Protein chains: 2
Amino acid sequence: MSHAPHMTADEFRRVGHELVEWTAAYMERVHELPVQPSVAPGDIRALLPAAAPEQGERWEAIIADLDRVVIPGTTHWQHPGWFGYFPANASGPSVLGEMVAAGIGMQGMLWSTGPVCTELETHVMDWLVDLLALPAAWRSDRTGGGVIQHSASDAALSAIVAARYRLPDPAAELVAYASTETHSSIAKDLRVAGIPHLRLIEIDDERAMRPDRLREAIAADRAAGRVPFFCCATLGTTSSLAFDPLRPIGEACREAGLWLHVDAAMAGVAAICPEFRSMHDGLELASSYATNAHKWLFTNFDCDLFWVADRAALTSALSILPEYLRNAASASGAVIDYRDWHVPLGRRFRALKLWWVIRHYGAEGLRAALREDVALAAEFAERVRTHPSLELAAPQRLSLVCLCHRDGDDATRALLTAVNADGSVFVTHTVLDGRYILRVSIGALPTERVHVDRLWDLIDRAAGR
Amino acid sequence: MSHAPHMTADEFRRVGHELVEWTAAYMERVHELPVQPSVAPGDIRALLPAAAPEQGERWEAIIADLDRVVIPGTTHWQHPGWFGYFPANASGPSVLGEMVAAGIGMQGMLWSTGPVCTELETHVMDWLVDLLALPAAWRSDRTGGGVIQHSASDAALSAIVAARYRLPDPAAELVAYASTETHSSIAKDLRVAGIPHLRLIEIDDERAMRPDRLREAIAADRAAGRVPFFCCATLGTTSSLAFDPLRPIGEACREAGLWLHVDAAMAGVAAICPEFRSMHDGLELASSYATNAHKWLFTNFDCDLFWVADRAALTSALSILPEYLRNAASASGAVIDYRDWHVPLGRRFRALKLWWVIRHYGAEGLRAALREDVALAAEFAERVRTHPSLELAAPQRLSLVCLCHRDGDDATRALLTAVNADGSVFVTHTVLDGRYILRVSIGALPTERVHVDRLWDLIDRAAGR
């Protein structure tokens with residue numbers, strides 16, 4: 001019988017050390033690379049053989065292709081000039097935690113198939129309840145509990161399914177609510193869940209959902225015989241980091257019996273700093289909450305942090321127990337089986353990297369990092385405010401500055417094109433009130449003042465005075 | 001301003017090298033550890049401080065906790081004595097690919113946010129169409145295409161949503177079909193999607209879905225005014241690796257206009273060997289297909305391989321395009337944006353590890369590894385067949401042997417308990433035809449003949465003669 005060419009531990013050492021060096025060198029040189037690669041569709045595939053190799057290849061060739069194939073096709077999210085979309089920070093502790101978790105290769109679908117995968121996750125999510133000053137009832141020793149989900153989309157989908165499952169008549173004509181600024185994932189989740197109606201509620205001058213309009217919409221749907229059941233409030237909208245007012249929205253939801261999910265994907269982690277916590281006022285009225293450690297908390301994708309106020313509502317909706325998963329620990333009722341907290345059955349040991357990030361930085365280190373980004377954004381906003389050709393398109397919030405050219409959309413579009421053409425920075429756009437807007441999202445891990453200054457110089461030069 | 005304590009490249013080197021050593025040493029010593037940890041619920045949490053650290057900790061302490069906290073709470077899926085559930089192999093190439101992908105930290109939601117993340121994935125999935133001899137129409141240069149999903153549950157959910165979205169009246173009373181042996185994730189997915197009816201179709205003596213019963217059920221639902229729309233056929237059921245007959249099921253689905261999804265989570269990858277491909281007869285009638293590289297193809301979780309015959313059916317169902325994601329490449333229509341192929345928006349660079357696994361082993365190396373497992377399973381089944389106290393509870397298929405004690409359920413239960421109590425091996429159970437069954441799933445990466453012999457000795461001794 002031929003013997004399978006599994007990698008030996010010694011080969012793992014040799015290749016592993018080389019790849020640690022490669023990765024460290026990438027961290028050191030990424031600032032020299034253009035943020036966006038200059039490839040056209042199909043260019044990468046043209047570098048690859050049409051068929052998979054029949055025989056195993058040498059690692060020298062595999063590693064060489066990192067520089068031949070991968071880097072030329074990489075959009076460098078870890079670049080210090082990354083000001084696009086949102087930060088997706090892969091800190092060293094997180095990257096190494098991902099490797100070790102992969103090496104241990106534990107699949108924590110049940111407590112019994114990975115006790116530390118489960119308990120460490122529960123424990124760190126409890127830590128974060130305290131660190132973010134979330135409602136104490138969300139701790140696992142109360143009625144709630146936290147779980148790591150794949151993404152904020154997956155988290156909201158779980159919330160929607162739990163919200164529907166507790167209804168007396170899930171076959172009723174259900175209606176969900178969110179603001180016009182809500183992330184597109186909510187509409188997608190509702191389509192996935194088969195919910196027929198989503199009402200996009202009007203926003204106010206601060207781009208926050210209007211609770212009065214929410215109440216009106218709920219009342220109108222009820223009057224028409226439909227069943228309002230779910231509302232998503234956003235803390236930190238994608239376009240402008242606007243905050244929906246949780247307390248009046250939560251009161252409206254509570255009175256009408258709606259499940260209030262809070263999508264704080266980008267902004268929620270900022271609550272680790274007491275001075276950014278005012279957005280959370282009224283949070284105790286929410287049924288569920290999601291924020292992404294894989295955006296602005298130095299943990300590489302995927303690591304969405306999801307809490308529920310009532311874990312039984314979630315697990316009753318998502319638990320289906322076949323014989324082959326029965327085991328003594330689950331039957332005892334004394335453990336959490338996280339398979340019942342989300343759609344997938346399988347799950348990897350993501351708590352490890354999150355634990356390492358928190359321990360490496362410490363809470364104070366995390367706060368310092370976020371404060372630096374916010375301070376840089378505040379300075380940047382001030383520069384925009386006093387520039388003759390530019391204007392702020394929305395109030396600066398946390399790490400995001402939205403700006404446009406006073407000469408209108410074409411000028412703003414030209415500004416974005418000119419700035420990105422330099423290659424040393426990358427910004428993206430949105431539309432607010434029908435106007436084309438340039439978003440400056442500060443928060444990539446290696447971004448320092450010098451990189452923000454570089455971005456400002458490019459904008460200033462392209463905007464003209 | 002305080003400065004955030006980000007890990008430097010040199011610190012990454014130092015800690016990274018140490019953790020490569022730790023991981024390699026884990027691979028070398030895991031066989032000495034008991035497969036299942038001896039911890040009670042709460043034991044792990046009791047080792048952890050009640051609150052997160054305010055100040056960052058030293059890496060010596062963080063790494064020391066791998067042995068103090070993590071290993072004592074780990075169920076060792078990478079143990080050579082792992083015969084439970086299914087293999088979840090984390091090969092060296094895969095583990096290192098996970099690290100490098102995390103280090104690059106690219107988020108490939110759009111082609112433009114990660115061209116190589118997208119194109120390498122498309123390319124490797126096309127390779128696999130050929131390697132697994134899947135229908136050529138599933139290649140990306142035809143009507144189909146492949147994508148890496150988080151799990152088989154997520155893949156099937158995407159299929160269900162696409163199947164519903166193409167219906168003229170998605171609000172009709174929809175019905176889905178699967179066999180009584182179908183994995184529990186299908187029922188869960190249907191609940192998530194809000195589908196009211198799942199018909200569990202009777203199985204035959206081989207535990208395969210009966211196509212005649214499927215036809216009858218579809219006809220009965222139609223006659224009652226309901227709308228049959230989706231069927232899941234299983235290749236390799238969880239309990240006994242039974243194969244549903246694709247051709248007659250596919251013909252019934254085609255005639256009735258149903259979307260046929262094929263769940264080949266465990267067994268599909270075996271088609272890399274020509275001699276195991278007969279299960280795929282009729283596959284060209286399927287609308288979608290999923291198999292898990294993160295089970296038996298040496299790629300650590302998560303790496304579900306999902307193909308559709310008609311990618312437009314999938315992307316039209318899952319694409320919602322907000323302004324802030326618009327970009328020139330997407331608008332050109334010349335690229336794939338994988339965010340439209342699944343529920344989550346974000347995605348990490350999972351193609352890298354899959355590419356590395358295929359290149360490290362080569363197709364022949366992968367075939368050799370699977371053939372070894374199947375040969376060991378065949379020998380094991382023969383031993384069971386000729387044992388006076390044991391019997392095969394199902395035909396041995398691929399790497400799985402189902403057995404029970406001739407003295408009945410209590411004796412089989414005692415057998416499982418005795419075998420697992422040794423600590424050097426781990427097996428799990430299921431129920432077939434109301435009987436308690438011990439499953440021997442051979443296929444953990446380091447498992448060799450000596451480990452299977454050890455398992456046999458334990459079973460033989462505990463069973464008595």
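The values are calculated or read from the model by the stated rules, or taken from the named source; none is laboratory data. This one's a predicted model, so the numbers in the text were calculated from it and none came from an experiment. Using ideal geometry, Cβ is built from the backbone for each residue, glycine included, and neighbour counts are taken over all protein chains shown.
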Review point. List pairs: first in the range B:111-136 and within 22 Å of B:Thr291 (Cβ to Cβ), second at pLDDT 95 or above and among the polar types (S, T, N, Q), Cβ under 7 Å, 6+ apart or cross-chain?
Key: B:Thr122/B:Ser140; B:Asp126/B:Ser140
Study note, to complete from the structure: Here the qualifying pairs (Cβ atoms under 7 Å; residues six or more apart or on different chains; first in the range B:436-455 and on the phi > 0 side of the Ramachandran plot; second buried (at least 24 other Cβ atoms within 10 Å of the Cβ) and among the hydrophobic types (A, V, I, L, M, F, W, C)) come out as B:Gly443/B:Trp296
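Mind checking which residues of the range B:398-435 are on the phi < 0 side of the Ramachandran plot, of a type in the set (Gly, Ala, Ser) and surrounded by fewer than 21 Cβ atoms within 10 Å (Cβ to Cβ)?
Taking the range B:398-435 first, the residues on the phi < 0 side of the Ramachandran plot are B:399-407, B:409-422, B:424-432, B:435.
In the following step, the residues that additionally are of a type in the set (Gly, Ala, Ser) were identified as B:399, B:411, B:414, B:418, B:421, B:424.
Passing the criteria: B:Ala411, B:Ala414, B:Ala418, B:Ala421, B:Ser424.
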Check your understanding: So, of the residues in the range B:361-380 that are over 16 Å from B:Ile272 (Cα atoms) and crowded, with 20+ Cβ neighbours inside 10 Å, which turns out to be nearest to the other protein chains (Cβ to nearest Cβ)?
Key -> B:Leu376
**Study point:** 1 or more residues within 12 Å of chain B (Cβ to nearest Cβ) and within 30 Å of B:Ala50 (Cβ to Cβ): qualifying helices (runs of 4 or more DSSP H) within the range A:114-200
**Key:** A:115-131, A:152-165
Check your understanding: Taking the stated definitions as given, is A:Ala46 under 30 Å from A:Val452 (Cα atoms), among the hydrophobic types (A, V, I, L, M, F, W, C) and surrounded by fewer than 17 Cβ atoms within 10 Å (Cβ to Cβ)?
Key -> no
**Study point:** Unmet criterion (only one of (1) touching a residue at least 24 places away in the same chain (Cβ under 8 Å); (2) surrounded by fewer than 20 Cβ atoms within 10 Å (Cβ to Cβ); (3) within 9 Å of chain B (Cβ to nearest Cβ); (4) of a type in the set (A, V, I, L, M)) for A:Ala88
**Key:** (2)
Practice item. Test each condition in (1) outside any loop (DSSP other than H, G, I, E, B); (2) more than 21 Å from A:Arg277 (Cβ to Cβ); (3) acidic (Asp, Glu) for A:Asp407 and report the one that comes out false. Key: (1)
Point to revise | Residue ranges of helices (runs of 4 or more DSSP H) in the range A:235-345 with at least 3 members closer than 30 Å to A:Thr447 by Cα | key: A:293-296
Review point. Out of curiosity, is B:Ala351 within 18 Å of the chain's Cα centre (by Cα) and of a type in the set (A, V, I, L, M, F, W, C)?
Key: yes
Revision key, fill the gap. Every listed condition ((1) assigned by TED's automatic domain parsing to the domain that holds A:Gly333; (2) of a type outside the set (Asp, Glu); (3) within 19 Å of the chain's Cα centre (by Cα)) holds for A:Val116 save (3)
**Study point:** Boolean, B:Val39 is under 16 Å from A:Gly97 (Cβ atoms), buried (at least 17 other Cβ atoms within 10 Å of the Cβ) and facing another protein chain (nearest Cβ under 7 Å)
**Key:** no
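Please enumerate the residues belonging to the range A:180-191 that are over 19 Å from A:Asn292 (Cβ atoms) and in contact (Cβ under 8 Å) with a residue 24 or more places away in the chain. Walk me through how you get there before you give the answer.
Keep residues of the range A:180-191 that are over 19 Å from A:Asn292 (Cβ atoms), which gives A:180, A:190-191.
Listed by number, the list holds a single entry, A:Leu190.
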Exercise for review: Answer yes or no as to whether B:Arg14 is buried (at least 19 other Cβ atoms within 10 Å of the Cβ), more than 28 Å from the chain's Cα centre (by Cα) and not assigned by TED's automatic domain parsing to the domain that holds B:Leu120.
Suggested key: no
Check your understanding: Of the residues A:Ala270, A:Ala233, A:Ala329, A:Ala286, which is surrounded by fewer than 24 Cβ atoms within 10 Å (Cβ to Cβ) and in the same structural domain as A:Ser158 (by TED's automatic domain parsing)?
Key -> A:Ala329
Review point. Given the residues A:Pro93, A:Pro87, which is the only one that is assigned to a loop (DSSP other than H, G, I, E, B) and either in contact with a Pro (Cβ under 7 Å, 6 or more places away or on another chain) or not small (Gly, Ala, Ser) (or both)?
Key: A:Pro87
Check your understanding: So which residues in the range A:45-84 are part of a helix (DSSP H, G or I) and either touching a residue at least 60 places away in the same chain (Cβ under 8 Å) or among the small types (Gly, Ala, Ser) (or both)?
Key -> A:Ala46, A:Ala61, A:Ala64, A:Gly73
Exercise for review: Give the residue, chosen from A:Val192, A:Val175, that is among the β-branched types (Val, Ile, Thr), more than 23 Å from B:Tyr324 (Cβ to Cβ), buried (at least 24 other Cβ atoms within 10 Å of the Cβ) and in the same structural domain as A:Ala256 (by TED's automatic domain parsing).
Suggested key: A:Val175
Revision key, fill the gap. Quick count over the range A:67-85, residues being more than 19 Å from the chain's Cα centre (by Cα) and facing another protein chain (nearest Cβ under 7 Å), is 4
Review point. Taking A:Ser424, is it small (Gly, Ala, Ser) and in contact with a Ser or Thr (Cβ under 7 Å, 6 or more places away or on another chain)?
Key: no
Review point. Which pairs do you get when a residue that is touching a residue at least 12 places away in the same chain (Cβ under 8 Å), found in the range B:153-178, comes within reach of a residue that is in a helix (DSSP H, G or I) and aromatic (Phe, Trp, Tyr), reach meaning Cβ atoms under 8 angstrom, with the pair 6+ apart or on two chains?
Key: B:Ser158/B:Trp341
**Study point:** Options B:Ala377, B:Ala463: the member that is out of contact with any Asp or Glu (no Cβ under 8 Å at 6 or more places or on another chain), closer than 19 Å to B:Ser239 by Cβ and among the aliphatic types (A, V, I, L, M)
**Key:** B:Ala377
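Report yes if A:Ile218 is within 12 Å of chain B (Cβ to nearest Cβ), in contact with a Phe, Trp or Tyr (Cβ under 9 Å, 6 or more places away or on another chain) and β-branched (Val, Ile, Thr), otherwise no.
no
Report yes if some residue within the range B:211-230 is part of a loop (DSSP other than H, G, I, E, B) and under 20 Å from the mean Cα position of the chain (by Cα); otherwise report no.
No - not one qualifying residue is present in the range B:211-230.
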Check your understanding: Got a sec? Which of A:Ala293, A:Ala286, A:Ala313, A:Ala309 is within 23 Å of B:Val95 (Cβ to Cβ) and either without any contact (Cβ under 8 Å) to a residue 40 or more places away in the chain or more than 10 Å from chain B (Cβ to nearest Cβ) (or both)?
Key -> A:Ala293
Review point. In the range A:426-435, how many residues are without any contact (Cβ under 8 Å) to a residue 60 or more places away in the chain and under 16 Å from A:Gln396 (Cα atoms)?
Key: 1
Practice item. Give the residues of the range B:412-425 that are in contact (Cβ under 8 Å) with a residue 40 or more places away in the chain and assigned to a helix (DSSP H, G or I), sorted by residue number. Key: B:Ala414, B:Leu415, B:Ala418, B:Val419, B:Asn420
Review point. Taking the range B:385-402 as the region of interest, how many residues are in contact (Cβ under 8 Å) with a residue 40 or more places away in the chain and not small (Gly, Ala, Ser)?
Key: 9
